[in-house]
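**Student:** Mind looking over this structure? Questions follow.
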Amino acid sequence: QVQLVESGGGLVQAGESLRLSCAASGSIIMFEAVGWYRQSPGNQREPVAVIVRRATTTYADSVKGRFTISIDYGKNTVYLQMNSLKAEDTAVYYCYLLRGRATSWGRGTQVTVSS
């Protein structure tokens with residue numbers, strides 16, 4: 001099973017940007033789905049940006065136009081570029097990979113946006 005390690009979280013002010021990285025321990029060229037989820041205190045984990053079978057990219061309505069997901073297949077790394085951050089983007093962000101029947105999650109990286 002592929003191991004995922006997120007990085008790039010931190011404390012920023014509203015309006016600033018962050019780029020999250022998710023490094024995979026193995027190749028992610030073939031996958032059913034890969035993406036980013038987030039969870040804030042008291043809320044369920046929710047999808048932020050997901051790529052399905054390298055064909056379809058879906059963003060949560062709340063991040064459309066501000067967040068961009070991308071993949072560097074040579075580095076086995078998934079990125080989430082987050083611009084114009086808002087206080088409501090504060091959460092732990094998790095990387096997710098579905099390959100075959102195997103699901104992998106990272107441990108998460110904290111993003112805190114101060115208003």
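The values are calculated or read from the model by the stated rules, or taken from the named source; none is laboratory data. Every value quoted in this text rests on a predicted model; they were computed, and no experiment measured them. Cβ atoms come from the backbone with ideal geometry, glycine included; neighbour counts cover every protein chain shown. Ligands, DNA and RNA are excluded from the accessible area calculation, which covers all protein heavy atoms including side chains. Shrake-Rupley method; radii C 1.70, N 1.55, O 1.52, S 1.80 Å.
**Student:** Quick one: with all protein chains in place, what share of the accessible area of the chain is carbon or sulfur, to the nearest percent (1.4 Å probe)?
**Tutor:** Heavy-atom surface of the chain belonging to carbon and sulfur, 1.4 Å probe: 47 percent.
**Student:** Under a Cβ-only charge scheme (Lys and Arg +1, Asp and Glu -1), can you give me the dipole magnitude of the chain about the Cα centre, in debye to the nearest 20?
**Tutor:** Dipole about the Cα centre, nearest 20: 300 debye.
**Student:** Same structure, new question: For a quick protection proxy, order the peptides 33-42, 49-58, 91-100, 4-13 by their average other-Cβ count within 10 Å, most packed first.
**Tutor:** Packing proxy ranking, top to bottom: 91-100, 33-42, 4-13, 49-58.
**Student:** Can you tell me how the chain classifies by the Cα gyration tensor, rounded, prolate or oblate, using a/c under 1.5 as the rounded cut?
**Tutor:** Here the chain falls in the prolate category.
**Student:** Right, next: Can you quote the Å³ per residue value for the convex hull of the Cα atoms in the range 46-110, rounded to an integer?
**Tutor:** 106
**Student:** Moving on to the next point. Rounded to the nearest 0.05, what FRET efficiency do residue 16 and residue 52 give with R0 = 30 Å and r taken as the Cβ-Cβ distance? Could you check?
**Tutor:** The formula returns an efficiency of 0.50 here.
**Student:** Kindly report the accessible area of the chain per residue (heavy atoms of protein chains, probe 1.4 Å, no ligands, DNA or RNA), in Å².
**Tutor:** That works out to 54 Å² for each residue.
**Student:** Obtain the nm distance between the two label points defined at residue 115 and residue 39 by a simple spin-label model: each point lies 7 Å from its Cα along the Cα-to-C-beta direction.
**Tutor:** 2.4
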